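First up is the structure itself, then whatever we jot down about it.
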Amino acid sequence: NDGFLHLNDQVDTGYGIIEMHGRKMKDHNWRNGGYGRLTARMCIANSSNVGVSKFIDRFYGNNPDKFVDGIYATGVGEDLHIPIPGYAKPRIRRPRDLGDRWAKTDLPWMSIGYETQVPPISTLTFYNAIANGGKMMKPRFVKQIIKNGEVVYNNPPQVIKEHIAKESTIKDITRILTEVVSEGLGKRAGSDKFLVAGKTGTAQMSKGAAGYKAGAVNYLLSFAGFFPADKPRYS
């Protein structure tokens, strides 16, 4: 969306494991030799942590606030003010608020989903906006309440953002999301009846005070998407 990166720009992911600011960034297939050179679109289709983080570090490493401002510009960090028990707003840290507590490793790890807390309803709202051509709508659980034939409560659609990104960006990312399912790691979410667009996700789960290094590793696996990709109806 900032114009730095194009679908077929290439990056060398090597053997799937690299040193990045003193920490090891790994792809899921690093034990099998990694992916080597990938285009930007295939970095996303194959969930290459190395490829995505190298691109982000290249373009935003010296200005991480610009990257985080871009995240907020998409609306994924918006407080949706959903009136149900347990609702929580997203938490996405800003480098300028952290000062010296912001580390060089924070940006590349944020670019693959760490350093943030985004509730599933916010992720779904974001995907709905992509499916909606870039217009982000507030989630609705109730459309109307009717008593004795009269409408006593009306909850009309509310627009959160008219455009979460440029039209060309929305088209590009929709194309990539369909390739994730047709060619990438999301194939099991595909169908021979209609096009599916979506993205897989894997997060290593922290073991509380023991952090991420307490023996066995637990993972949270996810998929978010919409279909039919060319005329979305479901997400």
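The values are calculated or read from the model by the stated rules, or taken from the named source; none is laboratory data. Note that the coordinates shown come from a computational prediction; the quantities given were computed from them, not determined experimentally. So basically every Cβ, Gly included, is an ideal-geometry build from the backbone, and we count neighbours across all protein chains shown. Ligands, DNA and RNA are stripped out before the accessible areas are found, and what is left, the full protein with its side chains, is counted by its heavy atoms. Shrake-Rupley method; radii C 1.70, N 1.55, O 1.52, S 1.80 Å.
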Exactly one condition in (1) within 20 Å of Gly14 (Cα to Cα); (2) part of a helix (DSSP H, G or I); (3) open to solvent by 40 Å² or more (accessible area, probe 1.4 Å) is false for Tyr35; which is it? (2)
Among (1) exposed (fewer than 13 other Cβ atoms within 10 Å of the Cβ); (2) at pLDDT 95 or above; (3) among the polar types (S, T, N, Q), there is one condition Gln117 misses while meeting the rest; what is its number? (2)
Considering the range 96-114, residues that are crowded, with 20+ Cβ neighbours inside 10 Å and assigned to a helix (DSSP H, G or I), and then whichever is nearest to the chain's Cα centre (by Cα), we arrive at Met110
Test: Arg140 is within 26 Å of Thr39 (Cβ to Cβ) and either among the β-branched types (Val, Ile, Thr) or open to solvent by 50 Å² or more (accessible area, probe 1.4 Å) (or both): no
Filtering the range 45-58 for residues that are over 25 Å from Ala129 (Cα atoms) and open to solvent by 20 Å² or more (accessible area, probe 1.4 Å) leaves a count of 3
Among the residues of the range 18-59, write down those that are more than 19 Å from Ser182 (Cα to Cα), under 18 Å from the mean Cα position of the chain (by Cα) and among the polar types (S, T, N, Q). Asn49, Ser53
Is one or more of the residues making up the range 162-185 surrounded by fewer than 17 Cβ atoms within 10 Å (Cβ to Cβ) and hydrophobic (A, V, I, L, M, F, W, C)? no
With Ile82, Ile92, Ile71 as the choices, which residue is free of Cβ contacts under 8 Å to residues at least 60 places away in the same chain, open to solvent by less than 40 Å² (accessible area, probe 1.4 Å), under 20 Å from Ser222 (Cβ atoms) and over 14 Å from the mean Cα position of the chain (by Cα)? Ile82
Those residues that are of a type outside the set (Val, Ile, Thr), in a loop (DSSP other than H, G, I, E, B) and within 15 Å of the chain's Cα centre (by Cα), I need them from the range 156-184; list them, please. Ala165
In the range 187-203, what count of residues is obtained for those that are open to solvent by less than 50 Å² (accessible area, probe 1.4 Å) and outside any loop (DSSP other than H, G, I, E, B)? 7
Inspect the range 123-136 for any residue being in contact with a strand residue (DSSP E or B) (Cβ under 9 Å, 6 or more places away or on another chain), assigned to a loop (DSSP other than H, G, I, E, B), open to solvent by 60 Å² or more (accessible area, probe 1.4 Å) and at pLDDT below 95 and give the result as yes or no. no
